[in-house]
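Take a look at the structure set out below.
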């Protein structure tokens, strides 16, 4: 079986491969793609995969946007860390999905379903419209719980300059202190104000107020000067460069 993985988190992609191996599935991995842009290019220039595992939220947007640019015939199993994503639409239209963190029993059930149907998805424009409109982003919050001592305290999001992930730990940084946040960047970003915060790459989210300078960088990326960045580098990924400039100019 020829499998394509579309996933922007390396750890999640590796975990999926391990789970596939535990399911005793003989497969050829065609590639791991981390963005909408690169996925569109892949589907335009390669034969269809036998099965595609597709994360919903990618580095440069939602994977549903892929279908607006290219026809995908391969069967697809969507993966998501957010149960607010149009789950009913998946059920109604018989598109399978897996909720992260993926459990082996759920993966095996999805593979069993695939082996029985083994049909292309025929993802229509109407369905994509339904999926995109069904995504309801939670109301932006104004505070966040952070670890302090043996418990938690709430701090204002307006005081946060940036968030970043390191060794699977999420940190929030203000002008005076660094805090540990008991959420992944995916979970965190889904609740932040898009006017105030931007996820510049897989591991960093910056505040507009904390972004002091923008400079061209290697390979069509952008380098930022950020308040209280200390030893961290802030590089906007190539896929997000244009979107980031528009965000800063808004």
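Quick rundown of the values:
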read-out: Count of residues meeting criterion [exposed (fewer than 12 other Cβ atoms within 10 Å of the Cβ) and over 24 Å from residue 239 (Cβ atoms)] in the stretch 170-199; value: 2
read-out: Spans of strands (runs of 3 or more DSSP E) in the stretch 113-195 with at least 3 residues out of contact with any helix residue (DSSP H, G or I) (no Cβ under 7 Å at 6 or more places or on another chain) and either within 30 Å of residue 246 (Cβ to Cβ) or at pLDDT below 65 (or both); value: 169-173
read-out: In the stretch 31-46, the residues that are without any contact (Cβ under 8 Å) to a residue 40 or more places away in the chain and closer than 20 Å to residue 11 by Cβ; value: 31, 32, 33, 39
read-out: The one condition in (1) exposed (fewer than 15 other Cβ atoms within 10 Å of the Cβ); (2) modelled with pLDDT of 95 or more; (3) touching a helix residue (DSSP H, G or I) at 6+ places or on another chain (Cβ under 9 Å) that residue 30 fails to fulfil; value: (1)
read-out: Any chance residue 220 is loosely packed, with under 15 Cβ neighbours inside 10 Å and in contact (Cβ under 8 Å) with a residue 60 or more places away in the chain; value: no
read-out: Any hit, the stretch 82-90, residues being over 24 Å from residue 244 (Cβ atoms), modelled with pLDDT of 90 or more and not assigned by TED's automatic domain parsing to the domain that holds residue 242; value: no
read-out: Residue list for the stretch 57-81, restricted to those being in contact with a strand residue (DSSP E or B) (Cβ under 8 Å, 6 or more places away or on another chain) and either assigned by TED's automatic domain parsing to the domain that holds residue 243 or over 23 Å from residue 114 (Cβ atoms) (or both); value: 59
read-out: Residues that are in a helix (DSSP H, G or I) and in contact with a strand residue (DSSP E or B) (Cβ under 9 Å, 6 or more places away or on another chain), drawn from the stretch 23-40; value: 36, 37, 38, 39
read-out: Criterion (farther than 21 Å from residue 38 by Cβ and touching a residue at least 60 places away in the same chain (Cβ under 8 Å)) met by exactly one of 192, 227; value: 227
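The values are calculated or read from the model by the stated rules, or taken from the named source; none is laboratory data. Quick caveat, the model's predicted, so the values are computed rather than measured. Positions of Cβ are generated from backbone atoms using ideal geometry, with glycine treated the same way; all protein chains shown enter the neighbour counts.
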